[in-house]
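Heads up: the structure comes next, in structure tokens.
Values quoted throughout were computed directly from the atomic coordinates according to the rules given, and no laboratory measurement underlies them. This one's a predicted model, so the numbers in the text were calculated from it and none came from an experiment. Note: ideal-geometry Cβ built from the backbone for every residue, glycine included; neighbour counts use all protein chains shown.
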Amino acid sequence: MKRVLISLAFALAALAPAAHADDNSNWVKPIKPYRVVGNIYYVGSEGLSAWLITSSEGHVLLDGGPSAEGGKLIERSIQQLGFQLADVKVLINTHAHFDHAGGLAQLKADIPTAKLWASRADEPALEKGQHFGDNDNGLTPFPAVKVDKGFGDGQKLKVGETALVAHLTPGHTIGCTTWTMAVTEKGRPLNVTFPCSLSVAGNHLVGNKTHRNIVADYRMSFAAMRAIPTDVVLPSHEEQGDLLAKRQKLLRGDPNAFIDPTELSRFVDGYETRFNQELARQQAANPGAKR
Ligand SMILES: [Zn+2]
């Protein structure tokens with residue numbers, strides 16, 4: 001029975017974060033890696049993003065896929081592009097959920113020189129290998145991974161000529177991190193944002209004992225993300241940014257496939273609307289609960 005419950009919990013957890021809740025088979029389905037803009041490369045699976053940001057002095061890898069298998073897929077993609085695993089210097093993570101952090105332990109084991117940087121608020125979840133905060137899906141465990149450097153809002157990460165900035169956008173997880181950087185594409189300067197997810201994804205918005213400020217955190221993050229000037233949005237799930245369609249356009253020769261200065265505000269608007277609906281639903285279902 002326990003095993004049945006555990007597999008049920010896994011199944012529910014796997015379904016919850018995706019927009020297409022009926023099919024997560026594309027999370028470990030290989031897709032040919034490609035250059036997106038500037039020095040940013042897509043090295044994820046068909047459904048889950050991983051981004052390689054290269055420099056002459058080493059590379060940064062954002063997100064690790066859902067599992068050891070997902071981590072291995074990312075490694076093969078990096079090598080397929082002609083880059084060396086040993087040149088990956090820093091691993092970063094949008095947030096400590098199994099679908100983006102489950103492969104980090106494998107990546108760290110295979111690339112001993114790479115250091116893992118994480119927001120201080122997500123650090124305990126990564127090091128324990130589970131979700132932190134009350135959630136309908138439970139702990140959704142994943143392989144725990146040691147964090148080498150914890151950081152706060154505004155942390156800069158510089159490797160060679162590449163510079164990234166961390167913006168804390170908590171809510172989806174307590175340490176959800178949105179990363180930004182500037183690139184130049186054919187002489188054109190572009191601001192790139194890797195947004196952390198803003199979806200509710202089973203989080204308890206009412207009476208959450210392990211993430212008490214969760215509602216205020218979401219609201220702060222909606223405002224903070226809207227204020228980031230952005231030409232290119234690179235999210236952590238395919239369906240959060242129509243990544244496959246944009247990739248097709250790019251491969252057909254459209255150099256602007258990923259460029260849309262209005263996309264981030266629409267991204268935030270959609271999540272804020274659904275957040276408000278879900279908050280109202282949870283409040284109605286928990287009358288009298290402390291908010
Ligand atoms: Zn998530």
> Add -39500 (n - 2.57) for each DSSP H run of 4 or more in the chain, then divide by its residues: what number comes out at 222 nm, to the nearest 500 deg cm²/dmol?
Replying inline: -9500 deg cm²/dmol
> Stretch Ala144-Glu239 to full length: gain in nm at 0.36 nm per residue minus the Cα-Cα span?
Replying inline: 31.5 nm
>> Filter Lys32/Lys89; Lys72/Lys209; Lys32/Lys72; Lys158/Lys186; Lys156/Lys249; Lys72/Lys128 down to the pairs with a C-alpha to C-alpha distance above 26 Å, please.
In response: Lys72/Lys209; Lys156/Lys249
>> How high is the relative contact order of the chain? Use alpha-carbon pairs under 8 Å, at least six apart in sequence, and give a whole percent.
In response: 14 percent
> Rounded to the nearest 5, what is the percent of antiparallel bridges among the DSSP beta bridges in the chain?
Replying inline: 70 percent
> Taking other Cβ within 10 Å of each residue's Cβ, how do Cys176, Cys196 sort, fewest first?
Replying inline: Cys176, Cys196
> Taking Rh as the Kirkwood radius, which is the inverse of the mean 1/r over Cα pairs, what is the Rg/Rh value for the range 156-291?
Replying inline: 1.05
>> If N is the number of residues in the range 218-291, what value comes out of its Cα radius of gyration divided by 2.2 N^0.38 Å?
In response: 1.47
>> Order 24-30, 87-93, 240-246 from most to least packed using the mean count of other Cβ atoms within 10 Å.
In response: 87-93, 240-246, 24-30
> Dividing the alpha-carbon radius of gyration of the range 74-113 by 2.2 N^0.38 Å (N being the number of residues), what value is obtained?
Replying inline: 1.18
> Rg to Rh for the chain: what is it, with Cα atoms only and Rh by Kirkwood?
Replying inline: 0.95
> Taking the Cα centre of the range 25-285 as the origin and placing charges on Cβ (Lys, Arg +1; Asp, Glu -1), which of Leu73, Val268, His100 is farthest toward the positive end of the dipole?
Replying inline: Leu73
